[in-house]
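A.B. asks: Structure provided below as structure tokens; questions to follow.
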Amino acid sequence: MKKEFQIAYVPIGVPTFHLESAQKEFDKSVALIKSLTDACVFPKEMLLSIDLLDAFLEECQPDLVILQNITFANAAYASEVLKKLDCPILLWTLREPAIDGGRLRLNSLTGAYSAANAIKAFRKEPLNYIFGSPEEEEVRAKVGATIRAAKLKYDMRHLTVVAVGHTPQGFGFGRALDLEMLENFGASLESIEARELIDIAKGYSDEDVKDYLADAGERMCGLENTPEQNRKDFARLYRAYKEYVTDHHVGALASRCWPDFFTAFGTPVCAVLAMLNDLGVAASCEADTYGALSMYLGMQLTQQATFFGDPVSMDEKENTITFWHCGTAACSLAREDTGAKVDVHCNRKIGPTLDFGCKPCKEVTIFRIGKDSDGDFRFFIAGGEALDKPKQFNGTSLVVKTNADAKTIVYESVEAGWEPHFVVAYGNVAAELEILAGMLNMEVQRY
């Protein structure tokens, strides 16, 4: 039976400090966490002895521990948590409620040093830490981001990723191994040949796919201008892919596209992937599996489709980077003034593919799960704004004004050997992604 996502709030301390002050912080901390999630379990009282701590831990099966020094506690408390639980930890230090020349009321910060020393002795991943009172916005933001990152880690353990076909020659960076995916991210990777879905699609009659064609026609602008055979063949592919991801509970999909769908089927798969992205299934092209996983993380955090594409242009004066791809962007990302326009593939001249500039957004996150030269996983994270720009090239495009210097980002990402596909998520989710990387013990290159 699948265990539900769970957080445990663990307020540790000793009874020799000012318990009235500690109780107030306990109550405020519980209220803060409850306002952020309904997945947390709380002790009935502050855990001011090892016995109380052990009894509470016996009742928990958490995917995240919020370990708070409600007062000072020696390293034995944190060590007990580490012995009993194997999940990410957020270490939280409380601010002293008063500095008035009188009694030290909590001494939470010294307790944090004791806890952190124990945690680093047990674990190699970066320590996730926040200092401050429950009513502070920085604390609220960090606790919330950590909860969302832990939920992502949990979700990946229940995620099925599918690779449809192999990467084209020269695109080996997109390949993934099932054991590697499972070991590093907890996700299951399955594979199917592109020809299997093509054969399924070929078996549908016009009547079988009329509803799929109608659905696409409502989302796209100008699909009716695509030659009839290509239009119907697109609908056949759409049904084949949609039923496959539904039947196999797929959350992310990386599909081979060229040359097979042009040469063996006569119609591109680009618009099908766009439809899947609109339906909440992260779908990348050129069989880029870790690109699809990157899209999935962005979609889970923002609850909307992400853009997937190549960095193709940089403007130093405007401080922008343009991302583009052949035409797989979700219809929901299209500019309002054009809608999700349909045209032909920029190189093969066969349709339907999507052809529009993407809508603006005040805060976006550029993201990629990649590998360094030693084969170790790493996260690329950069923030910016998606500008109100028309289509830049045939296909779908998005212009991002980066928070950091665009030239520096381009130079350093090229020199560091990052893969040529990136995700742009509509929202500022950099904090969550960086925390997740720490939970997975992966390097971060952040701008």
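The values are calculated or read from the model by the stated rules, or taken from the named source; none is laboratory data. Keep in mind that this is a model prediction, so the values were computed, not measured. Cβ sites come from the backbone with ideal geometry, for glycine too, and all protein chains shown count toward neighbours. Please note that ligands, DNA and RNA were not included when accessible areas were found on the heavy atoms of the full protein model with its side chains. Shrake-Rupley method; radii C 1.70, N 1.55, O 1.52, S 1.80 Å.
A.B. asks: When you go through LYS359, LYS401, LYS407 one by one, which is the residue that is within 19 Å of MET295 (Cα to Cα) and open to solvent by 30 Å² or more (accessible area, probe 1.4 Å)?
C.D. replies: Working: LYS401 fails: within 19 Å of MET295 (Cα to Cα); LYS407 fails: within 19 Å of MET295 (Cα to Cα).
Only one candidate passes the filter, namely LYS359.
A.B. asks: Criterion first (in contact (Cβ under 8 Å) with a residue 40 or more places away in the chain and over 27 Å from ALA437 (Cβ atoms)) does PHE377 satisfy it?
C.D. replies: Working: in contact (Cβ under 8 Å) with a residue 40 or more places away in the chain: yes; over 27 Å from ALA437 (Cβ atoms): no.
No, not satisfied.
A.B. asks: Tell me, which strands (runs of 3 or more DSSP E) lie completely within the range 254-365 with 1 or more residues that are in contact with a Phe, Trp or Tyr (Cβ under 9 Å, 6 or more places away or on another chain) and aromatic (Phe, Trp, Tyr)?
C.D. replies: Working: elements: 282-284, 307-315, 320-325.
Of the strands (runs of 3 or more DSSP E) lying wholly inside the range 254-365, those with at least 1 residues that are in contact with a Phe, Trp or Tyr (Cβ under 9 Å, 6 or more places away or on another chain) and aromatic (Phe, Trp, Tyr) span 307-315, 320-325.
A.B. asks: Tell me, which residue of the range 343-398 that is among the acidic types (Asp, Glu) and within 26 Å of the chain's Cα centre (by Cα) is nearest to LEU440 (Cα to Cα)? Full working, then the answer.
C.D. replies: Here is the first cut: in the range 343-398, the ones among the acidic types (Asp, Glu) are 343, 355, 363, 372, 374, 376, 385, 388.
Still in the running and within 26 Å of the chain's Cα centre (by Cα): 355, 363, 372, 374, 376, 385, 388.
Numbers: ASP355: 37, GLU363: 25, ASP372: 15, ASP374: 17, ASP376: 12, GLU385: 28, ASP388: 35 Å.
For the range 343-398, the residue satisfying everything is ASP376.
A.B. asks: Same structure again: Looking at (1) open to solvent by less than 10 Å² (accessible area, probe 1.4 Å); (2) closer than 13 Å to LYS391 by Cα; (3) in contact with a Leu (Cβ under 6 Å, 6 or more places away or on another chain), which one does THR328 not meet, given that it meets all the others?
C.D. replies: All conditions pass for THR328, except number (2).
A.B. asks: Is it fair to say ALA76 is surrounded by fewer than 16 Cβ atoms within 10 Å (Cβ to Cβ) and either more than 25 Å from ALA437 (Cα to Cα) or among the charged types (D, E, K, R) (or both)? Talk me through it step by step, then tell me what you get.
C.D. replies: On the way: surrounded by fewer than 16 Cβ atoms within 10 Å (Cβ to Cβ): yes; either more than 25 Å from ALA437 (Cα to Cα) or among the charged types (D, E, K, R) (or both): yes.
Considered against the rule, which asks whether it is surrounded by fewer than 16 Cβ atoms within 10 Å (Cβ to Cβ) and either more than 25 Å from ALA437 (Cα to Cα) or among the charged types (D, E, K, R) (or both), ALA76 comes out as yes.
Residues checked against (1) in contact (Cβ under 8 Å) with a residue 24 or more places away in the chain; (2) open to solvent by 80 Å² or more (accessible area, probe 1.4 Å); (3) under 18 Å from TYR296 (Cα atoms):
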site: VAL139; (1), (2), (3): yes, no, no
site: ALA163; (1), (2), (3): yes, no, yes
site: HIS166; (1), (2), (3): yes, yes, no
site: ALA187; (1), (2), (3): yes, no, yes
site: ILE198; (1), (2), (3): yes, no, no
site: SER205; (1), (2), (3): no, no, no
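A.B. asks: Go through LYS3, LYS44 for me and flag whichever is part of a loop (DSSP other than H, G, I, E, B), on the phi < 0 side of the Ramachandran plot, surrounded by fewer than 17 Cβ atoms within 10 Å (Cβ to Cβ) and modelled with pLDDT under 95.
C.D. replies: Values: LYS44 fails: modelled with pLDDT under 95.
Only one candidate qualifies: LYS3.
A.B. asks: Then there is this: On the given criteria, is ALA214 free of Cβ contacts under 8 Å to residues at least 12 places away in the same chain and either under 33 Å from the mean Cα position of the chain (by Cα) or closer than 27 Å to ARG175 by Cβ (or both)? Give the derivation first.
C.D. replies: Numbers: free of Cβ contacts under 8 Å to residues at least 12 places away in the same chain: yes; either under 33 Å from the mean Cα position of the chain (by Cα) or closer than 27 Å to ARG175 by Cβ (or both): yes.
Spelling it out, ALA214 is indeed free of Cβ contacts under 8 Å to residues at least 12 places away in the same chain and either under 33 Å from the mean Cα position of the chain (by Cα) or closer than 27 Å to ARG175 by Cβ (or both).
A.B. asks: Only residues in the range 393-404 that are closer than 16 Å to THR353 by Cβ count as the first member; pair them with residues that are part of a loop (DSSP other than H, G, I, E, B), Cβ under 6 angstrom, at least 6 apart or cross-chain, and list the lot.
C.D. replies: ASN394/CYS346; GLY395/CYS326; GLY395/GLY327; GLY395/CYS346; THR396/GLY327; THR396/ALA329; SER397/LYS391
A.B. asks: While we're looking at this one, here's another question. For VAL10, are the conditions met, namely being assigned to a strand (DSSP E or B), more than 25 Å from the chain's Cα centre (by Cα), modelled with pLDDT of 95 or more and among the hydrophobic types (A, V, I, L, M, F, W, C)?
C.D. replies: Numbers: assigned to a strand (DSSP E or B): yes; more than 25 Å from the chain's Cα centre (by Cα): yes; modelled with pLDDT of 95 or more: yes; among the hydrophobic types (A, V, I, L, M, F, W, C): yes.
Yes: the conditions hold for VAL10.
A.B. asks: Select, from ALA116, ALA149, the only residue that is in a helix (DSSP H, G or I), under 16 Å from VAL10 (Cα atoms) and out of contact with any Ser or Thr (no Cβ under 8 Å at 6 or more places or on another chain). I'd like the intermediate steps shown before the answer.
C.D. replies: Values: ALA149 fails: under 16 Å from VAL10 (Cα atoms).
Selected residue: ALA116, the only one of ALA116, ALA149 that is in a helix (DSSP H, G or I), under 16 Å from VAL10 (Cα atoms) and out of contact with any Ser or Thr (no Cβ under 8 Å at 6 or more places or on another chain).
A.B. asks: Here's something else I'd like to know. Taking the residues in the range 96-113 that are part of a loop (DSSP other than H, G, I, E, B) and either hydrophobic (A, V, I, L, M, F, W, C) or over 15 Å from ILE70 (Cα atoms) (or both) as candidates, determine which candidate is least open to solvent (accessible area, probe 1.4 Å).
C.D. replies: Applying the first criterion (part of a loop (DSSP other than H, G, I, E, B)) to the range 96-113 yields 96-107.
From the residues that got through so far, the ones that are either hydrophobic (A, V, I, L, M, F, W, C) or over 15 Å from ILE70 (Cα atoms) (or both) too are 98-104, 106.
Values: ALA98: 33, ILE99: 163, ASP100: 95, GLY101: 85, GLY102: 55, ARG103: 122, LEU104: 84, LEU106: 0 Å².
Ranking the qualifying residues of the range 96-113, first place goes to LEU106.
A.B. asks: Now for a separate question. Return the residue satisfying two criteria in turn: it lies in the range 169-185 and is among the charged types (D, E, K, R) and part of a helix (DSSP H, G or I), and of such residues it is most open to solvent (accessible area, probe 1.4 Å).
C.D. replies: At the first step, the residues of the range 169-185 found to be among the charged types (D, E, K, R) are 175, 178, 180, 183.
Right, trim to part of a helix (DSSP H, G or I) and you get 178, 180, 183.
On the way: ASP178: 89, GLU180: 41, GLU183: 151 Å².
Per the stated criteria, the residue is GLU183.
A.B. asks: Something else: Kindly evaluate ALA194 against the criterion of being touching a strand residue (DSSP E or B) at 6+ places or on another chain (Cβ under 6 Å), open to solvent by less than 50 Å² (accessible area, probe 1.4 Å) and either within 26 Å of TRP258 (Cα to Cα) or of a type in the set (D, E, K, R) (or both).
C.D. replies: On the way: touching a strand residue (DSSP E or B) at 6+ places or on another chain (Cβ under 6 Å): yes; open to solvent by less than 50 Å² (accessible area, probe 1.4 Å): yes; either within 26 Å of TRP258 (Cα to Cα) or of a type in the set (D, E, K, R) (or both): yes.
Against the criterion (touching a strand residue (DSSP E or B) at 6+ places or on another chain (Cβ under 6 Å), open to solvent by less than 50 Å² (accessible area, probe 1.4 Å) and either within 26 Å of TRP258 (Cα to Cα) or of a type in the set (D, E, K, R) (or both)), ALA194 qualifies.
A.B. asks: Quick check: anything in the range 85-95 open to solvent by 50 Å² or more (accessible area, probe 1.4 Å), without any contact (Cβ under 8 Å) to a residue 40 or more places away in the chain and not in a loop (DSSP other than H, G, I, E, B)?
C.D. replies: No: zero hits.
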